[in-house]
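Below is one structure, written out as structure tokens; the observations come after it.
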Amino acid sequence: MSVIDSILEHNKKFVEERGFEAYETTKFPDKKLVILTCMDTRLIELLPKAMNISNGDAKVVKNAGAILTDPFDSVMRSIIVALYELQADEVAVVGHYGCGMTGMNATPVVEKALDQGMEKSTLESLEYAGVDVEKWLKGFDDVEVSVKNSVDLIRRHPFLPKGTPVHGLVISPETGELTVVDKAE
Ligand SMILES: [Zn+2]
């Protein structure tokens, strides 16, 4: 059975058996927290458990690397929406050790895309149109530095409500231990 078919089969049962009842809550985070973290598979359950976050406690924004690169991208928009429209009043950026974005650069991805059918001319037109593929696919060298950079970008953001605490943490994907990179007063 394909993954999507097994998901759909499970889902039917989940709803029929009212599996959702254990998760009933609202869209407003009880702990008034918004978390930016990585999409890493090891963090799906470990991060909430390690941070004592249950369903309904926090808004969670995820991407590859927990990286905020552009102050007006969708990550920052999500944080701002959580703060203004969803009653969050505190932000935590949570990177993790052993992140796939460590040392990542565009070259291997571009090579695989070309191998898998992207035309060289398409890549050239993107670059001609001003898309900085190198920058877009760039990871970081040190997760703690990356978290600190994201925290600073959020703190300096013109839309950030004054006095909003913004923290930077790094989690171990093995033990769940949190390392504080920068804790707001
Ligand atoms: Zn990661």
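The values are calculated or read from the model by the stated rules, or taken from the named source; none is laboratory data. A quick note: this is a predicted structure, and the numbers were derived from the prediction, not measured. Every residue, glycine as well, gets a Cβ built from its backbone with ideal geometry; the counts of neighbours run over all protein chains shown. Please note that ligands, DNA and RNA were not included when accessible areas were found on the heavy atoms of the full protein model with its side chains. Shrake-Rupley method; radii C 1.70, N 1.55, O 1.52, S 1.80 Å.
Output yes when any residue across segment 117-127 is charged (D, E, K, R), loosely packed, with under 12 Cβ neighbours inside 10 Å and not in a helix (DSSP H, G or I), and no when none is.
Checking segment 117-127: at least one residue is charged (D, E, K, R), loosely packed, with under 12 Cβ neighbours inside 10 Å and not in a helix (DSSP H, G or I).
Restricting attention to segment 6-31, which residues are open to solvent by less than 80 Å² (accessible area, probe 1.4 Å) and either within 19 Å of residue 92 (Cα to Cα) or assigned to a helix (DSSP H, G or I) (or both)?
6, 11, 14, 15, 19, 20, 28, 29
So which residues in segment 130-148 are open to solvent by 70 Å² or more (accessible area, probe 1.4 Å), aliphatic (A, V, I, L, M) and modelled with pLDDT under 95, if there are any at all?
Passing the criteria: none in range.
Return the pair list, or none, for Cβ contacts closer than 9 Å from residues in segment 100-113 that are within 16 Å of the ligand (Cβ to nearest atom) to residues that are assigned to a helix (DSSP H, G or I), at least 6 apart or on different chains.
That search, which allows pairs on different chains as well, returns 101/143; 101/146; 102/143; 102/146; 105/134; 109/133.
Do the conditions hold for residue 89, that is, is it of a type in the set (Asp, Glu) and either touching a residue at least 12 places away in the same chain (Cβ under 8 Å) or under 17 Å from residue 168 (Cα atoms) (or both)?
Yes, satisfied.
Let me spell it out: the conditions are (1) open to solvent by 40 Å² or more (accessible area, probe 1.4 Å); (2) over 11 Å from residue 34 (Cβ atoms); (3) outside any loop (DSSP other than H, G, I, E, B), and residue 110 meets all of them except one. Which number is the exception?
It is condition (1) that residue 110 fails.
Hey, residue 37 hits all of (1) within 16 Å of the ligand (Cβ to nearest atom); (2) part of a loop (DSSP other than H, G, I, E, B) but one; which does it fall short on?
So the condition that residue 37 fails would be (2).
Among the candidates 180, 131, single out the residue that is in contact with a strand residue (DSSP E or B) (Cβ under 8 Å, 6 or more places away or on another chain) and not in a helix (DSSP H, G or I).
Exactly one of 180, 131 is in contact with a strand residue (DSSP E or B) (Cβ under 8 Å, 6 or more places away or on another chain) and not in a helix (DSSP H, G or I), namely 180.
Go through 170, 180, 147, 143 for me and flag whichever is more than 19 Å from residue 103 (Cβ to Cβ) and touching a residue at least 12 places away in the same chain (Cβ under 8 Å).
Of the residues listed, the single one that is more than 19 Å from residue 103 (Cβ to Cβ) and touching a residue at least 12 places away in the same chain (Cβ under 8 Å) is 180.
How many of the residues making up segment 71-107 are open to solvent by 10 Å² or more (accessible area, probe 1.4 Å), out of contact with any Phe, Trp or Tyr (no Cβ under 9 Å at 6 or more places or on another chain), over 17 Å from residue 154 (Cα atoms) and part of a strand (DSSP E or B)?
So the count comes out to 0.
Identify, please: which residue in segment 149-176 is assigned to a strand (DSSP E or B) and within 14 Å of the ligand (Cβ to nearest atom) and is, among those, surrounded by the most Cβ atoms within 10 Å (Cβ to Cβ)?
171
Residue 122 - would you say it is in contact with an Asp or Glu (Cβ under 7 Å, 6 or more places away or on another chain) and more than 16 Å from the ligand (Cβ to nearest atom)?
no
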